[in-house]
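Only one structure is covered here, and it is reproduced in the block below.
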Amino acid sequence: MAIILDGKAARVEIAKRLKEKIFSLKIPLKLAIIQVGEKEESGAYIKQKIKFGTEVGVEVLHIKFLESVNERDIIEKIELLNEDEDVSGIIVQLPVPENLSKQKIINAILPDKDVDGLTEKVKNKRLGGDMSAVLPATARGVIELLNFYKVQIKGKKVAVLGRSILAGGPIKEAVIFEGGAPTVCHSQTPRAEEIKITKRSDIVIVAIGKPKFLTREFFTAGAGQTVVDVGINRVISEGVLRGQTSDSERGLTSLKLQEEIPKTKLAGDVDCRSGDLAAGNWHA
């Protein structure tokens with residue numbers, strides 16, 4: 001049977017360390033998160049960031065713009081936050097609407113306040129080998145999880161599935177920093193080639209946003225592979241929720257109709273329940 005790497009246990013320990021470190025600074029910290037639109041997944045991520053920030057002693061300022069916002073208005077707000085000495089860090093919650101220049105907006109953040117590590121100046125520092133440069137949160141989380149469970153990265157073959165600027169790309173950078181040998185697979189990689197790569201890898205890190213895409217054929221039974229599933233996908237589950245709506249269009253305000261609402265649940269990119277997969281360490 002596979003061994004589950006308990007991310008919650010790692011989170012508790014990391015939160016404890018952060019809280020102690022922040023308390024020792026003796027200065028208030030404030031994080032500003034900019035959200036454009038009402039994307040459900042973005043709202044869920046921000047909710048967790050606010051919760052975690054409160055837990056470790058960081059004030060979180062949530063700034064929301066309508067999806068129809070002008071790009072200039074966002075940049076002007078970022079410039080004000082740059083000038084605000086009370087604001088310690090700034091995050092632009094991705095994705096943003098396609099009509100906006102994502103990188104232009106992100107680049108408006110001062111490098112010293114770029115806590116997501118996504119401005120070109122900070123990325124260039126990392127690519128230049130400066131390991132003090134901020135690493136994007138998802139990649140940092142993966143490395144922290146592996147280190148917490150003492151999974152050696154140095155000298156190991158690491159398959160990274162996905163190449164996004166938030167996950168796959170920075171994860172590859174982080175693996176290289178840690179001395180691992182990453183091979184990146186993406187949407188244009190033939191499935192047969194992906195399977196070859198994952199089967200021979202010591203560590204498989206998946207961040208592709210495709211629910212239960214990786215099945216047992218991607219792994220080598222008994223090889224003791226470590227698998228980190230970064231994917232968060234909302235999928236339809238069995239059954240429906242029963243909701244009620246009024247039939248106001250026909251003037252029957254007292255009549256309630258039964259409405260079937262599909263149940264949803266979160267799923268990872270790895271189908272870790274499809275039979276006995278490879279024996280190894282798992283985090284989903």
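The values are calculated or read from the model by the stated rules, or taken from the named source; none is laboratory data. This one's a predicted model, so the numbers in the text were calculated from it and none came from an experiment. With ideal geometry, Cβ positions are generated from the backbone for all residues, glycine too; neighbour counts draw on all protein chains shown.
Okay, here's what the table says:
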quantity: Single condition E67 does not satisfy, out of (1) more than 17 Å from I109 (Cα to Cα); (2) out of contact with any Pro (no Cβ under 8 Å at 6 or more places or on another chain); (3) not basic (K, R); calculated: (2)
quantity: For A10: the one exception among (1) loosely packed, with under 14 Cβ neighbours inside 10 Å; (2) in contact (Cβ under 8 Å) with a residue 60 or more places away in the chain; (3) small (G, A, S); calculated: (1)
quantity: Filtered residue count, segment 15-39, keeping only those that are closer than 20 Å to I74 by Cα and part of a helix (DSSP H, G or I); calculated: 0
quantity: Among residues of segment 91-126, those that are surrounded by 18 or more Cβ atoms within 10 Å (Cβ to Cβ) and of a type in the set (D, E, K, R), counted; calculated: 5
quantity: Test set (1) in contact with a Ser or Thr (Cβ under 8 Å, 6 or more places away or on another chain); (2) modelled with pLDDT under 95; (3) not assigned by TED's automatic domain parsing to the domain that holds P28 - G162 fails condition number; calculated: (1)
quantity: Which listed residue, of G53, G37, is of a type outside the set (V, I, T) and under 17 Å from G141 (Cα atoms); calculated: G53
quantity: Test: residue in segment 130-144 that is in a helix (DSSP H, G or I), closer than 22 Å to I195 by Cα and modelled with pLDDT under 95; calculated: yes
quantity: Cβ pairs under 6 Å, 6+ apart, first in segment 98-125 and within 15 Å of R72 (Cβ to Cβ), second surrounded by fewer than 19 Cβ atoms within 10 Å (Cβ to Cβ); calculated: L100/E71; N107/E120; A108/I75
quantity: Considering residues of segment 44-90 that are among the hydroxyl-bearing types (S, T, Y) and surrounded by 15 or more Cβ atoms within 10 Å (Cβ to Cβ) only, the residue farthest from L100 (Cα to Cα); calculated: S88
quantity: The lone exception for I165 - which of (1) touching a helix residue (DSSP H, G or I) at 6+ places or on another chain (Cβ under 8 Å); (2) of a type in the set (A, V, I, L, M, F, W, C); (3) part of a loop (DSSP other than H, G, I, E, B) it fails; calculated: (1)
quantity: Answer from S68, S42 - the residue that is among the polar types (S, T, N, Q) and not in a helix (DSSP H, G or I); calculated: S68
quantity: Identity of the residue in segment 180-220, without any contact (Cβ under 8 Å) to a residue 12 or more places away in the chain and part of a helix (DSSP H, G or I), that ends up surrounded by the fewest Cβ atoms within 10 Å (Cβ to Cβ); calculated: A192
